[in-house]
1. Got a sec? Which of 47, 74 is in a helix (DSSP H, G or I) and either among the hydrophobic types (A, V, I, L, M, F, W, C) or in contact (Cβ under 8 Å) with a residue 24 or more places away in the chain (or both)?
2. Out of the residues in the stretch 36-57 that are within 20 Å of the chain's Cα centre (by Cα) and among the polar types (S, T, N, Q), which is modelled with the lowest pLDDT?
3. Name the pairs whose Cβ atoms lie under 8 Å apart, with the first residue in the stretch 22-35 and within 16 Å of residue 91 (Cβ to Cβ) and modelled with pLDDT under 70, the second surrounded by 10 or more Cβ atoms within 10 Å (Cβ to Cβ) and of a type outside the set (Phe, Trp, Tyr), and 6 or more positions between them or separate chains?
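The values are calculated or read from the model by the stated rules, or taken from the named source; none is laboratory data. Just so you know, these numbers come straight off a predicted model, no measurement behind them. All Cβ positions, glycine included, derive from the backbone under ideal geometry; neighbour counts span all protein chains shown.
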Amino acid sequence: MDAVIASLAMAGQVLAQETSGLTGNIGTGLAAIGYGLGAIGSAIGVGMVAGNAVQAMARQPEVAGLLRTNMFIGMALAEALALIGFVVFFLAG
């Protein structure tokens, strides 16, 4: 818990230093926030896909192969959204 508080304090100090020289170009910051939100959404999606697939495999072990294949396809699609957000971040910045 102390490490989390220390890292948040450090992030606040870095943010304060970065915003002290703000010249009016807010687009890069908004792009970074947008990518961060996209990455969070993708991570939640991957976690839900993996968790539900493991739960389904535990309930019906005989279809584990098909579920595993579908799980990897779902994870790839969710990660593709994060990669698209990464590209948009660089295009906007």
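1. 74
2. Initial filter on the stretch 36-57 (within 20 Å of the chain's Cα centre (by Cα)): 36-53.
Narrowing further to those that are among the polar types (S, T, N, Q): 42, 52.
Working: 42: 83, 52: 92.
Result: 42.
3. Listed by first residue and then by second, the contacts come to 27/92; 27/93; 28/92; 28/93.
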